[in-house]
Amino acid sequence: MHPGTIHTTHRFAFCRRKLRADVMAAFPTLGTDQVSVLVPGKEELNIVKLYAHRGDAVTVYVSGGNPILFEVEKTLYPTVYTLWSYPDLLPAFTTWPPVLEKLVGGADLMLPGLVVPPAGLPQVQKGDLCAIALLGNRAPVAVGVAAMSTAEMLTSGLKGRGFSVLHTYQDHLWRSGDKSSPPSLAPLALDPPDLSEEKESVQADPALQGDLRRLTLEGEEENGEVQRMCGEKSLSEASEDPSVRGLNPDPTDSKTLQEQMDELVQRCFLHALKCQVRKADLPLLTSTFLGSHMLSCCPEGRQLDIKKSSYKKLSKFLQHMQQEQIIQVKELSKGVESIVAVDWKHPRITSFVIAEPSPTSQTIQEGSREQPYHPPDIKSLYCVPASMTLLFQESGHKKGSILEGGEVRTIIINYVKRNDLVDADNKNLVKLDPILCDCILEKNEQHTIMKLPWDSLLTRCLEKLQPVYQVTFPGQEPIVKKGRICPIDITLAQRASNKKVTVVRNLEAYGLDPCSVAAILQQRCQASATVTPAPGAKDSLQVQIQGNQVHHLSRLLLEEYQLPRKHIQGLEKAPKPGKKK
């Protein structure tokens, strides 16, 4: 999702009860407890108004710092953050991992990109909301709408557009949250298909031959490297490959899945009480305890789902724990239960041992952390234009050559010495030969100026070259662009309400995401922030925040992001001490 304008309002006055009802109507597979966790009763729930580039109005519901739902034309959609907690919320289709880059870039999912599991494709109708996951991990990476029914997909021979993609992992909506990576969720069906049955089904429908291993996206040429990568490993081979399975409960465990889930629920419960919940947190809403504490204690690669345990509901499980006298639960307000007491000396808590995370899971967690911002290295360079080629060709340069300032000076000095142009009577002067005259003098000067001081000669030469600049971000190849880099521009504007707003432009040139900067400023300044298209600039956004917030911007850009002051203009507009913002 690529927003055009974002308006944020804290503690928006809307009916949580109505939102819960809308969620239950839109997603009937969610239980009451799950809806209570998704739409918390007392925790802060924010609403974001967003306008996409096409003008569509989008309402985004934010809980715990992450967007959980978005609404377009009175239709609710889950975000990938929500689907990671409830991966079975929508019918899920699987595609190859290399397809993700295309989906993030705005492409719809074409049917040849689908991976057909042994059990067949999920049954959907045209217009149904669907999740899209990658082979080897059940965690969805995109939300889309089916362009045709499952029957029509099969009749078409899996050709054509399958899904209109609305939202993906790594898009603007995802970036407005904590930017976490998809969890590792084991696929439901890991058993390889019966190869003889697969062969018979392909022979029965020749239109499917060769299509199940192809990868084609609308408007894109087939990528040979991606095609080879998809063709080298069949579905059965991929399902047997431990590198793409994700982490599963131990298949050698003789316990039933329900018994394993019972153990997982109790483990997460004890882990949360021992490590996360403190006496000062009590009373604690049971829904908050589940959503903010128990779920975060779930081991890497496992999914906590109380519905799949023998308890079925959180309230029933907590009743069992109360009977064991570990906790005390009370209904402090009608229909809302809270944990009011915990016996931290209970043997089950004191004897509970927290399993050390495996080196593999530690690596995954460390790799998924958001990397800190490092400013780019910016160099001012010069490009040789056609009018200056005669002066530079002796040193092996031609039209379009890119040079640093020091290189230009060395070339000019060598040219002067090589052609014996230093004035014999005054070593500080340089005689101008026809080439120097043509290259650095104006037409009206060519018959009046015969000599120039060294500094004037070098200055004029640099002025005649075309300015370019090079930007190098850490770990990336240098990018060279024409002109001079625009500084981050900070201005103050007066709105119709006679209130001042601080406007920041050109953040993208320095590798900064305007949406992220707006979120940081909004939190630090405790003022509303918006992100809008920058006037007169293509594909550029500007941040507006209420009041004079130049002091906060100065600390953020200079001290935290370590950007050079010369690349920021408008810092002098900070309010003077004692003056109202």
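Bear in mind that the values in this text are calculations on the coordinates, not laboratory data. On a predicted model such as this, the values are computed, not experimentally measured, just so you know. A quick note on method: Cβ atoms are made from the backbone with ideal geometry, for glycine too, and the neighbour counts reach across all protein chains shown.
Key figures for this structure:
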| item | result |
| --- | --- |
| Net length gained if the chain between residue 404 and residue 446 were fully extended (0.36 nm per residue, minus Cα distance) | 12.4 nm |
| Distance in nm between pseudo-label sites at residue 479 and residue 428 (7 Å out along the Cβ direction from Cα) | 4.5 |
| Per DSSP, loop GluC sites (Glu not before Pro) in the stretch 436-533 with at most 14 further Cβ within 10 Å | 442 |
| Rounded FRET efficiency, nearest 0.05, which uses the C-beta distance separating residue 333 from residue 494 and R0 of 41 Å | 0.35 |
| Alpha carbon Rg of the stretch 433-581, scaled by the compact-globule rule 2.2 N^0.38 Å | 1.45 |
| Separation between Cα centres of the stretch 283-353 and the stretch 476-502, rounded to whole Å | 50 |
| Contour minus Cα-Cα distance for residue 149 and residue 315 (0.36 nm per residue) | 55.9 nm |
| Scaled radius of gyration (Cα, divided by 2.2 N^0.38 Å) that the stretch 517-576 gives | 1.15 |
